[in-house]
1. Only residues that are of a type in the set (A, V, I, L, M, F, W, C), open to solvent by 20 Å² or more (accessible area, probe 1.4 Å), touching a residue at least 24 places away in the same chain (Cβ under 8 Å) and assigned to a helix (DSSP H, G or I): list them for the stretch 56-79, please.
2. In this structure, is N201 assigned to a helix (DSSP H, G or I) and either modelled with pLDDT of 90 or more or under 24 Å from A35 (Cα atoms) (or both)?
3. Would you point out the residue of the stretch 127-146, among those that are without any contact (Cβ under 8 Å) to a residue 24 or more places away in the chain and closer than 10 Å to E161 by Cα, that is surrounded by the fewest Cβ atoms within 10 Å (Cβ to Cβ)?
4. Keeping to the stretch 56-72, report how many residues are farther than 25 Å from R34 by Cβ, under 17 Å from the mean Cα position of the chain (by Cα) and among the hydrophobic types (A, V, I, L, M, F, W, C).
5. Would the stretch 118-133 turn up any residue that is assigned to a strand (DSSP E or B) and aliphatic (A, V, I, L, M)?
6. Being in a helix (DSSP H, G or I) and small (G, A, S) is the filter here; which residues of the stretch 41-55 pass it?
7. Would you point out which residue out of P22, P37, P15 is open to solvent by 70 Å² or more (accessible area, probe 1.4 Å), assigned to a loop (DSSP other than H, G, I, E, B) and modelled with pLDDT of 70 or more?
8. Hey, can you tell me all the residues within the stretch 80-108 that are touching a Phe, Trp or Tyr at 6+ places or on another chain (Cβ under 6 Å) and not in a strand (DSSP E or B)?
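The values are calculated or read from the model by the stated rules, or taken from the named source; none is laboratory data. Not measured: the values here are computed from a predicted model. Virtual Cβ from ideal backbone geometry, glycine too; neighbours counted across all protein chains shown. To get the accessible areas, we keep the full protein, side chains included, count just its heavy atoms, and leave off ligands, DNA and RNA. Shrake-Rupley method; radii C 1.70, N 1.55, O 1.52, S 1.80 Å.
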Amino acid sequence: MKWLYELMYRYSVVPIPYDIGPREELVSLVESGRAKPCRAIDLGSGTASNVIYLAQHEFDVIGVDFSPAAIEMGRVRAREAGVEVTFIEDDLTNLQHVNDTFDLLVDYGTLDDLSTPQRDLYMKNVLPLTHQSSLFLLYCFEWELRWWERLLTFLGSMAMEPGEAERRFGEYFEIERVAGGNSGSSFMPATATYLMTRKENQPI
């Protein structure tokens, strides 16, 4: 999938589906005061809308993406917005350049795009970026996979299955579903957004 995203961000060969500004669940989290200015990371920063929004609200934020074109786009847009954001090209299934912990982690449509083995590697690499009381905002497509989708999960996926977020994160996080439901599309029929709080005294 990396080649596809590289084409999307560099040449706009495919319309960029995520270029819609900061996501409403993130905006709500900040405006409600549940997430206050802190050290934050966007796991798959893409068009940089979320990191720019966070930087505009005094967060110390890093954007990580495996696409060099997305990283360059993010840097240009952050300069144009007049904010400071650190962008790092890295692979969330094999992190080489990020080894800190963060108070707020944001994933909008990254984990659900991975194959099952890649999701396991993502968990292994991303969980160490959290500490007690870290907040983790996870947005994903979520539905019962259709038979043909199940045949392709070793290559990649478009969605997580109901209960998968709880299965993957429940040992380490208190999980609250804050949004989701029917997307209005028959092809990608449902979404879910989870706000997760890292449990105390639960080592990774």
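1. Of all residues in the stretch 56-79, those of a type in the set (A, V, I, L, M, F, W, C) come to 59, 61-62, 64, 66, 69-71, 73, 76, 78.
Adding the requirement that they be open to solvent by 20 Å² or more (accessible area, probe 1.4 Å) leaves 66, 73, 76.
With touching a residue at least 24 places away in the same chain (Cβ under 8 Å) added as a condition, the list becomes 66, 73.
Correct list: M73 only.
2. Spelling it out, it is not the case that N201 is assigned to a helix (DSSP H, G or I) and either modelled with pLDDT of 90 or more or under 24 Å from A35 (Cα atoms) (or both).
3. Per the criteria, the residue is E144.
4. Residues flagged as farther than 25 Å from R34 by Cβ, under 17 Å from the mean Cα position of the chain (by Cα) and among the hydrophobic types (A, V, I, L, M, F, W, C) within the stretch 56-72 amount to 3.
5. Kept after step one, since they are assigned to a strand (DSSP E or B), are these residues of the stretch 118-133: 130-133.
In the following step, the residues that additionally are aliphatic (A, V, I, L, M) were identified as none.
Checked against the condition, which is being assigned to a strand (DSSP E or B) and aliphatic (A, V, I, L, M), the stretch 118-133 yields no hits at all.
6. S49, A55
7. On the way: P22 fails: open to solvent by 70 Å² or more (accessible area, probe 1.4 Å); P15 fails: modelled with pLDDT of 70 or more.
Step by step, each of P22, P37, P15 is checked, and only P37 is open to solvent by 70 Å² or more (accessible area, probe 1.4 Å), assigned to a loop (DSSP other than H, G, I, E, B) and modelled with pLDDT of 70 or more.
8. D91, L92, T93
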